[in-house]
Amino acid sequence: MLGEYFHYGLLVGLAIALLIAAFTDLRRRQIDNWLNAGVALAAPLFWWSSGLSLWPDVAIQLGVAMAAFAVLAGLFALKMMGGGDVKLLTALALWIEPSWFLKLLIVMALAGGLLTIVVGCWHIMRRQRDRIKVPYGVAIAIGGLWVLGTQYLPGASQAAGLR
């Protein structure tokens, strides 16, 4: 019973971290390194509380995170993504099982597209001529919170008819 509280406490902590990331990215267009490091460093506790085995479960999580970092670092190099966004998504890849991480990316992309349209319209209405900066941490948080709500909360997947 205590283990369940710890497990869900970690998930609540991750949800709070995602909300902080969205808020700071919206306000300052920055996701702090301490927040990304906290998410990444808490992942082993989540693996332990989830009962993941070192092989192959944890190895798969690490592999997905490394692959995500490689792809996202390429997008950062092309100036298509911010550094904080890359680090936050890589840290999330340590938490979210691979099939759900792909779903997180899809939800994130949809939310990011909508966010880009809203920010673009706001930019035009204010007649700003500088480059648009989309706070993509908001879209990442939406994708992460969606996965937490549909996959990791108790009874969420059954209520959604996903299992």
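Values quoted throughout were computed directly from the atomic coordinates according to the rules given, and no laboratory measurement underlies them. What you are looking at is a predicted structure, and each value in this text was computed from that prediction instead of being measured. Counting neighbours? That spans all protein chains shown, and the Cβs are built from the backbone with ideal geometry, glycine included.
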Per residue of the range 11-27, in order, report the coupling 6.51 cos²θ - 1.76 cosθ + 1.60 (Karplus, θ = phi - 60°) as ³J(HN,Hα) in whole Hz, putting x for Gly and Pro.
5, 5, x, 5, 4, 5, 4, 5, 5, 5, 4, 5, 5, 5, 5, 5, 7
Quick note on Trp100, Trp95, ordering by fewest other C-beta atoms within 10 Å, gives Trp100, Trp95
Apply 1/(1 + (r/R0)^6) to the Cβ-Cβ distance of Leu153 and Arg28, taking R0 = 30 Å, and write down the FRET efficiency to the nearest 0.05.
0.50
Largest first and in whole Å, give the semi-axes of the range 21-163's equivalent ellipsoid, each being the square root of 5 times a Cα gyration tensor eigenvalue.
29, 18, 13
Between helix 83-95 and the chain, what is the angle of the helix's C-alpha long axis to the longest principal axis, kept within 0 to 90° and rounded to the nearest 10?
20
Say R0 is 35 Å: what FRET efficiency, to the nearest 0.05, do Trp48 and Arg126 get from their beta-carbon distance?
0.15
Note the angle between two axes, namely the Cα long axis of helix 136-147 and the longest principal axis of the Cα atoms of the chain, as a number of degrees from 0 to 90, rounded to the nearest 10.
30
Treating the angle as unsigned and between 0 and 90°, give the value, to the nearest 10°, between the Cα long axis of helix 59-77 and the longest Cα principal axis of the chain.
10
Taking 0.36 nm per intervening residue step and subtracting the Cα-Cα distance, what contour gain separates Val71 from Asp57 on full extension?
2.9 nm
Taking a crude spin-label model, label points 7 Å out from Cα along the C-beta direction, the Val118 to Ser99 distance in nm is 3.1
